[in-house]
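Heads up, the thing below is written out as structure tokens.
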Amino acid sequence: MDSAAARLPRWMGAVAGAGSLVALASRHPRWAAGFAAGSGAAILAYWWLQQVVATALDAGDGRPPRGTMIKFAMRYPLLIILLGVVYLTGSLSIRGVVAGLFVPLAGVLIECLMFVARFASGQETPGGPSGPASLDGPLERPATPPAQVRS
């Protein structure tokens, strides 16, 4: 079974595609295009965030690459610029764009519901397939114990 991090982009793509198709089927092409643009920008921002987190975890104490940090810093300005251009030009439905920005949230909610369904059917444990406190395997213990707090 693949990880939730691998499944989330698929859920997001499915929600984005379904939302755009439903809007097109209901004869709202500007809303569909706005939803597609908003969801595309939101998925791109999620993907960049996922890359930044993975790079930061792999880098350890070293500095992450400059390009990775630029992607991290540009996520929200990109979304604000998109909203500003759509608002000023009126080319797409601003409501569709804003709705599309919530596609990652929809993907996370679907993944949560799927986890609950797997847990209820006994296919999953609270910490994942390999037990409590598991990401891809058991968590490593720190080399030194944390300092004791004295009162």
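Laboratory data are not the source of any read-out in this text; all were calculated from the coordinates shown. It should be emphasised that the depicted structure is a prediction, and the values quoted were computed from it without experimental measurement. Heads up, the Cβs are rebuilt from the backbone with ideal geometry, glycines too, and the neighbour counts pull from every protein chain shown.
With the cut-off at 1.5 for a/c, could you classify region 4-120 from its C-alpha gyration tensor as rounded, prolate or oblate? Show your work: numbers first, answer last.
Details: a/c = 3.45, a/b = 1.26, b/c = 2.74.
Oblate is the answer for region 4-120, as a/c is 1.5 or above yet b/c matches or exceeds a/b.
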Average Cα contact separation per residue, region 4-120, under 8 Å, 6 or more apart, as relative contact order %: 43
One finds the C-alpha centres of region 2-39 and region 83-99 to be spaced, in Å, by 16
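In what sequence, highest mean first, do 115-123, 25-33 appear when ranked by Cβ atoms within 10 angstrom? If you can, show how the numbers build up before the last one.
Numbers: 115-123: 11.0, 25-33: 15.2.
Packing proxy ranking, top to bottom: 25-33, 115-123.
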How much length would be gained if the chain were fully extended between R66 and S26, taking 0.36 nm per residue of separation minus their Cα-Cα distance, in nm to one decimal? 10.0 nm
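Using the 10 angstrom Cβ neighbour count as an exposure proxy, how do S91, S39 rank, fewest first? Could you put the intermediate results ahead of the total?
Details: S91 12, S39 27.
Starting with the residue having the fewest Cβ neighbours, the order is S91, S39.
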Ordered by residue, what ³J(HN,Hα) values in Hz, to whole numbers, does region 8-22 give under the Karplus form 6.51 cos²θ - 1.76 cosθ + 1.60, where θ = phi - 60° and Gly and Pro are x? 4, x, 5, 5, 4, x, 5, 5, 4, x, 5, x, 5, 5, 5
